[in-house]
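Below: the structure, in structure tokens.
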Amino acid sequence: MDLLNINDKDGEYPPSYYAATAEHLDRFPAAKGDIACDVCVVGAGFTGLSTAYHLAQRGYKVVVLDAQRVGFGASGRNGGQVSMGQRRDQEELEGMLGDDHARQLWNIGAQAVDLVRDLCQKPEVRTDFHDGIIHTAHRKRYHQEHYGYVAHMADKYGYDKVRVLEPDECKHLVNSPAYHGGTLDMGSGHVNPLELVFGLARLATNAGARIFEQSKVTGIAEGDSATVTTANATVKASFVVLGCNGYLGKIQPHVAQRVMPINNFVVSTAPMDPAEQEKIIRNNHAVADSKFVVNYFRFSDDHRLLFGGTETYRYKFPKDIATAVRKPLIEIFPQLKDIKIDHAWGGTLGITMNRMPHYERISANILSLSGFSGSGVAMGTLSGQIAAEAIAGQAERFDVMANVPTIPFPGGPALRSPLLILAMLWYSFRDKL
């Protein structure tokens, strides 16, 4: 089974709110014949297109190959949240890696948000950056941790854009009975992810990169000049960058042992009156809660609630995504039990065992950057800039990320899904305790 088409039609975007409302790009051709370039990028999502854009700006001849369409994968389907830092809290990273390495990772995570915010100022990128993410506690005991976290970030990192929300203020901002306080991070924000990835494609092509769609890579031969093959093309390149995330497949087995695909699901409601929107989430902030299987939600610019929740670890999506996601939506917002759902879709992302991105030099001239574990809007976009730097000979940030150890999933590709399902059942049970 191939994740590229088991749940989707070849060459077509999913039935998402984003795909239904975006200003689509013209189709790019499929790759054919013999092609030569400096860098061949595999994957036309945040990482691949950001790599192409930043390399083309430097004068490199870049070719991007995508098995489907630009932004077809997780980059064009996600919740649009752009969070400061890394997927793991700084205190956890300090314990894992030491203070110096953790501080470098914080700086990189902050640079990722800055990059997305800057890109949203460019005319090619047709989405605004909206400030503010609220992180909510679904258990009272979790709220107590917020005080220490906010103090730690202020004292040790000088970060003063996050503050504690007491339960009453949290309820005022997020009109849900499910939460017991939280934090408001005004350094983070949210965007329309498909518009961001379309904007990156415009920027990359304007800078001289060539994009080929429906050009699935069938093999990569290493060498001083690497050879990337598709069904109808052979690409010779001095460097190769893999930006495939959850759709890596069997292209690179060593990476596949460390980056596992999982499915996540999102719905969009019918549009609300702006006053109704304010009664659900004030000030147009995004929200993510403390559950292990996170509920995340925000409003679109046309006042639809975009709500993400539930995960699956098998290849196939549920037959009725809307019903599956409506359940946690109503748990969070019981006042919306009768609201109409206009769009429901799923997508595949890549996770790692430690929920940190996996950077790897496959060989001297082949790089892989993936496993963003739900933080791909910011870190996936910055990873392209970092890959471009590494190819140009400035590998400091690449090495900071690559020096975070990523262990293989137990059981390898054959057994990792059943083992993860057992683990997720435990975490789902823990969420309810």
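The values are calculated or read from the model by the stated rules, or taken from the named source; none is laboratory data. Just so you know, these numbers come straight off a predicted model, no measurement behind them. Cβ placement follows ideal geometry from the backbone for every residue including glycine, while neighbour counts extend to all protein chains displayed. Side chains included, ligands, DNA and RNA excluded: accessible areas come from the protein's heavy atoms. Shrake-Rupley method; radii C 1.70, N 1.55, O 1.52, S 1.80 Å.
Hand me the list of strands (runs of 3 or more DSSP E) wholly inside region 179-262 holding 3 or more residues that are of a type outside the set (S, T, N, Q). Can you show your working first?
On the way: elements: 182-190, 210-212, 217-221, 226-230, 233-242.
By residue number, 182-190, 210-212, 217-221, 233-242.
Return the residues of region 263-303 that are touching a helix residue (DSSP H, G or I) at 6+ places or on another chain (Cβ under 8 Å), part of a loop (DSSP other than H, G, I, E, B) and under 29 Å from Arg141 (Cβ atoms); say none if nothing qualifies.
Those that are touching a helix residue (DSSP H, G or I) at 6+ places or on another chain (Cβ under 8 Å), part of a loop (DSSP other than H, G, I, E, B) and under 29 Å from Arg141 (Cβ atoms): His285, Ser290, Lys291, Phe292, Val293, Asn295.
Would you mind finding the one in Ala102, Ala112 that is in contact (Cβ under 8 Å) with a residue 40 or more places away in the chain and outside any loop (DSSP other than H, G, I, E, B)?
Values: Ala102 fails: in contact (Cβ under 8 Å) with a residue 40 or more places away in the chain.
One residue alone meets the criteria, Ala112.
Name every residue in region 129-177 that is part of a helix (DSSP H, G or I), open to solvent by 90 Å² or more (accessible area, probe 1.4 Å) and in contact (Cβ under 8 Å) with a residue 60 or more places away in the chain, in order of residue number.
Result: His172, single match.
Scan region 241-251 and give yes if some residue there is modelled with pLDDT under 95, under 23 Å from Pro357 (Cβ atoms) and among the aromatic types (Phe, Trp, Tyr), otherwise no. Outline the logic, then answer.
From region 241-251, those modelled with pLDDT under 95 are 245-251; that's our starting set.
In the following step, the residues that additionally are under 23 Å from Pro357 (Cβ atoms) were identified as 245-251.
With the extra rule that they be among the aromatic types (Phe, Trp, Tyr), the set shrinks to 247.
Yes, some residue in region 241-251 is modelled with pLDDT under 95, under 23 Å from Pro357 (Cβ atoms) and among the aromatic types (Phe, Trp, Tyr).
Starting from region 211-224, take each residue that is at negative phi and list its partners that are hydroxyl-bearing (Ser, Thr, Tyr) and open to solvent by less than 30 Å² (accessible area, probe 1.4 Å), counting only C-beta distances under 7 angstrom and pairs at least six apart or across chains.
Ser215/Thr230; Lys216/Thr230; Val217/Thr230; Thr218/Thr230; Ala221/Thr227; Glu222/Ser363
Given (1) within 21 Å of the chain's Cα centre (by Cα); (2) in a loop (DSSP other than H, G, I, E, B); (3) within 30 Å of Pro328 (Cβ to Cβ), identify the lone condition not met by Val70.
So Val70 meets the others, but not (3).
Might you check whether a residue that is on the phi > 0 side of the Ramachandran plot and free of Cβ contacts under 8 Å to residues at least 60 places away in the same chain occurs anywhere in region 292-303?
yes
If we only count strands (runs of 3 or more DSSP E) wholly inside region 304-390, which ones have 2 or more residues that are open to solvent by 30 Å² or more (accessible area, probe 1.4 Å) and either hydrophobic (A, V, I, L, M, F, W, C) or out of contact with any Gly (no Cβ under 7 Å at 6 or more places or on another chain) (or both)? Outline the logic, then answer.
Details: elements: 305-312, 341-351, 358-363, 366-370.
Correct list: 305-312, 341-351, 358-363.
Residue by residue, here is whether (1) open to solvent by 20 Å² or more (accessible area, probe 1.4 Å); (2) under 17 Å from the mean Cα position of the chain (by Cα); (3) charged (D, E, K, R) holds:
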{"position": "His24", "(1), (2), (3)": "yes, no, no"}
{"position": "Arg27", "(1), (2), (3)": "yes, no, yes"}
{"position": "Gly33", "(1), (2), (3)": "yes, no, no"}
{"position": "Ala52", "(1), (2), (3)": "no, no, no"}
{"position": "Glu92", "(1), (2), (3)": "yes, no, yes"}
{"position": "Leu119", "(1), (2), (3)": "no, yes, no"}
{"position": "Glu124", "(1), (2), (3)": "yes, no, yes"}
{"position": "Thr127", "(1), (2), (3)": "no, yes, no"}
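Quick one: which of Gly95, Gly80, Gly45, Gly73 is free of Cβ contacts under 8 Å to residues at least 40 places away in the same chain and under 25 Å from Ala288 (Cβ atoms)? Steps first, answer last, please.
Working: Gly80 fails: free of Cβ contacts under 8 Å to residues at least 40 places away in the same chain; Gly45 fails: free of Cβ contacts under 8 Å to residues at least 40 places away in the same chain; Gly73 fails: free of Cβ contacts under 8 Å to residues at least 40 places away in the same chain.
Among Gly95, Gly80, Gly45, Gly73, only Gly95 is free of Cβ contacts under 8 Å to residues at least 40 places away in the same chain and under 25 Å from Ala288 (Cβ atoms).
If you go through region 274-288 one residue at a time, do you hit one that is modelled with pLDDT of 95 or more, under 17 Å from the mean Cα position of the chain (by Cα), within 27 Å of His146 (Cα to Cα) and not small (Gly, Ala, Ser)?
Yes, because at least one residue in region 274-288 is modelled with pLDDT of 95 or more, under 17 Å from the mean Cα position of the chain (by Cα), within 27 Å of His146 (Cα to Cα) and not small (Gly, Ala, Ser).
Among the residues that make up region 392-407, is at least one of them surrounded by 16 or more Cβ atoms within 10 Å (Cβ to Cβ) and under 15 Å from Leu200 (Cβ atoms)? Write out each step before concluding.
Filtering region 392-407 down to residues surrounded by 16 or more Cβ atoms within 10 Å (Cβ to Cβ) leaves 395, 397-398, 400-402, 404, 406.
After this cut, where a residue has to be under 15 Å from Leu200 (Cβ atoms) as well, the list is none.
No, because not a single residue in region 392-407 is surrounded by 16 or more Cβ atoms within 10 Å (Cβ to Cβ) and under 15 Å from Leu200 (Cβ atoms).
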